[in-house]
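Below is one structure, written out as C-alpha cells, with a few remarks after it.
The values are calculated or read from the model by the stated rules, or taken from the named source; none is laboratory data. The model shown is predicted, which means the values in this text are computed figures rather than measured ones. Methodologically, a virtual Cβ is constructed for each residue, glycine included, from the backbone with ideal geometry; neighbour enumeration extends over all protein chains shown. Protein only, heavy atoms only, side chains kept; ligands, DNA and RNA dropped before computing areas. Shrake-Rupley method; radii C 1.70, N 1.55, O 1.52, S 1.80 Å.
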Amino acid sequence: MMATPPTLPGPDDADGRDATPLCVLFVEDSPSDFSLMRAVLANAGLTISARRVETEQDMREALSTAQWHAIVSDHSLPTFSGKRALAVAKEIGFSGPFLIVSGAIGEEAAVDAMRSGADDYVMKNNLRRLPPALERSLREVRSRDQRMRAETALESAHDQLNAIFSATPVALFAVARNLQVTMWSPAIEELTGMSHTEVLTKQFTLPDPGDTERLLTLIMPALGGFPLTGLPFGMQARGERRELLVSASPLSGRPPAGCVVSLSDGTHLGRAQAELSRSEQ
C-alpha cells in the first residue's frame, strides 16, 4: 500500500507557493461541492491534483494505488461518514492532514472528530477557511516529519556512540560541568573496578581521593572549552599503580556542557621507554 504522503512541496522564491500540485483526496458524495471546493482552493493560489470518492471501498482503492498529501472528507455521506473515513485512513497508515468539511456538524461531533485525529474542520457555508486550514495542516505535517527525522538521526547517533563506548579498549567517561558522570565505558569499569551503576549521575570519583582530585585538575581546561591530549597521569587501580595518558574533548555549548575523557594505558609505553634507555646506556 502507498498510504504515506509523497514529499510535500515547499514554497518557492517568488510568491511563497510551489507549482507542484498538492494531491488531495476528497471523500465527498456531491460533485458540485467537490467542484466548489476545488475552485476555492484554486482561487487561493493552490495548485491541486484531486480525486473524489464516496464509498469506503473507493477510498481504500485510492489510498492503495496513489499517494496523497491530504484528505478532505464530508462529515456525513449516504453510505459512509467522515469518522469512518478517518478510521480507514489511520488503519492504512496515512500520515498526512485529514480535514472534515461539512454542511451540518454539531460542536460535539466536531470535537469528537478532532479527538479522533482530524486536523481541522470547516463548515461548507464558510469555505474561505478551507485554504488556510489546509495550508496550516500541511505546515504542521512538514514540521512533524522534520522533527521525526531529526529524532531518528539523534537516536542513531546515540546508538553509534554507545557502540563505540562499548567496543573501544580505551577507558572512556564523560562528565557534565557539575562533574556528574554521564557516560562510563566498560573499559573504565575494568580499569577502576567501578561499575556504571555505581557512578552514573553521581559526582565523579576514583577509588583513591587523591587520584580523583589530580585527574579533575587535569581535565578542567576541557570543561572550559580547551581540549587536551596525552597528559601523563598515574593512579592506583585494582591494587597496582597504572601509568596512563589523559585526553579530553569539550562537548558542544558555550560554555561546554561537559567533556569526554579518555585514559589510555601508558604503563607499557613507560616500560618500553625505560628499557630503551637502559639499552642506549
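For the ranges 88-98, 205-215, 20-30, what's the packing order if you count other beta-carbon atoms within 10 Å of each residue, average per peptide, and put the highest first? Display every interim value, and only then the final one.
Details: 88-98: 18.5, 205-215: 15.3, 20-30: 20.5.
Packing order, densest peptide first, comes out as 20-30, 88-98, 205-215.
For the chain, give the share of DSSP beta bridges that are antiparallel, in percent and rounded to the nearest 5; count only bridges with both residues there.
Numbers: 26 of 45 bridges.
Taking every DSSP beta bridge within the chain, about 60 percent pair in antiparallel fashion.
Using θ = phi - 60° and the Karplus curve 6.51 cos²θ - 1.76 cosθ + 1.60, what whole-Hz ³J(HN,Hα) does each residue of region 220-237 get, with Gly and Pro shown as x?
Coupling constants for region 220-237: 4, x, 5, 5, x, x, 10, x, 9, 9, x, 7, x, 8, x, 8, 7, 9 Hz.
At a 1.4 Å probe radius, carbon and sulfur cover how many percent of the accessible area of region 76-126? Could the numbers behind the result be given before it?
Numbers: 1200 of 2490 Å².
In region 76-126, the share of accessible area belonging to carbon and sulfur is 48 percent.
Just to confirm, what accessible area per residue do you get for the chain at 1.4 Å probe, in whole Å²?
Values: 15410 Å² over 281 residues.
Per-residue accessible area for the chain comes out at 55 Å².
List every residue whose amide H lies under 5 Å from the amide H of Ala237, counting only residues 5 or more places away in sequence or on a different chain, with H placed 1.01 Å from N in the peptide plane.
The list, which skips near neighbours in sequence, is Arg242.
Taking only C-alpha pairs under 8 Å that are 6+ residues apart, what is the relative contact order of the chain in percent? Could the numbers behind the result be given before it?
On the way: 451 pairs, mean separation 32.6, N = 281.
It rounds to 12 percent for the chain.
In whole Hz, what ³J(HN,Hα) sequence does region 242-259 give by Karplus (6.51, -1.76, 1.60; θ = phi - 60°), x for Gly and Pro?
10, 9, 10, 10, 9, 10, 8, 10, x, 7, 5, x, 10, x, x, 6, x, 8
Tell me what the chain gives for mean residue ellipticity at 222 nm when only DSSP H runs of n ≥ 4 count, each as -39,500 (n - 2.57), the sum divided by the residue total, rounded to 500 deg cm²/dmol.
Values: 9 runs with 122 residues, N = 281.
About -14000 deg cm²/dmol.
In whole percent, and with a 1.4 Å probe on the protein chains, what portion of the accessible area of region 222-261 is carbon and sulfur? Numbers along the way, then the final one.
Details: 1210 of 2170 Å².
Carbon with sulfur: 56 percent of the solvent-accessible area.
For Glu91 and Glu155, compute 0.36 nm times the residue count separating them, minus their Cα-Cα distance, and round to one decimal in nm. It would help to have the intermediate numbers written out before the result.
Details: separation 64, 0.36 × 64 = 23.04 nm, distance 2.67 nm.
Result: 20.4 nm gained on full extension.
For labels at Ser32 and Ala257 in the simple 7 Å Cα→Cβ model, what's the distance in nm?
A separation of 6.0 nm, rounded to one decimal place.
Amide H to amide H under 5 Å from Ala171: which residues, 5+ apart in sequence or cross-chain, H placed 1.01 Å off N in plane?
Close amide H contacts, sequence-distant or interchain: Leu263.
On alpha carbon coordinates alone, what is the Rg over Rh value for region 56-192, Rh being the Kirkwood radius? Before the final figure, lay out each step's value.
Details: Rg = 24.1 Å, Rh = 18.7 Å.
We get a ratio of 1.29 for region 56-192.
Using the Karplus curve 6.51 cos²θ - 1.76 cosθ + 1.60 with θ = phi - 60°, work out ³J(HN,Hα) for each residue of region 118-126 in order, rounded to whole Hz, and write x for Gly and Pro.
Result, ordered by residue: 5, 7, 6, 9, 9, 7, 5, 8, 9 Hz.
What is the angle, in °, between the Cα long axis of helix 267-280 and the longest principal axis of the Cα atoms in the chain? Nearest 10 is fine, range 0 to 90.
40
For q = 0.23, 0.33, 0.35 Å⁻¹, what log10 I(q)/I(0) does region 152-194 give under the Debye formula with an equal point scatterer on each alpha carbon and no solvent?
-0.81, -1.05, -1.08
Report the relative contact order of region 79-162, percent, no decimals, based on alpha-carbon pairs under 8 angstrom and at least 6 residues apart.
On the way: 50 pairs, mean separation 22.4, N = 84.
Relative contact order comes out at 27 percent.
Viscosity 0.890 mPa s, temperature 25 °C: give me the Stokes-Einstein translational D for the chain in µm²/s, with Rh taken as the Kirkwood radius over C-alpha pairs. Show your work: numbers first, answer last.
Numbers: Rh = 24.0 Å.
Taking Rh from Cα pairs, D becomes 102 µm²/s.
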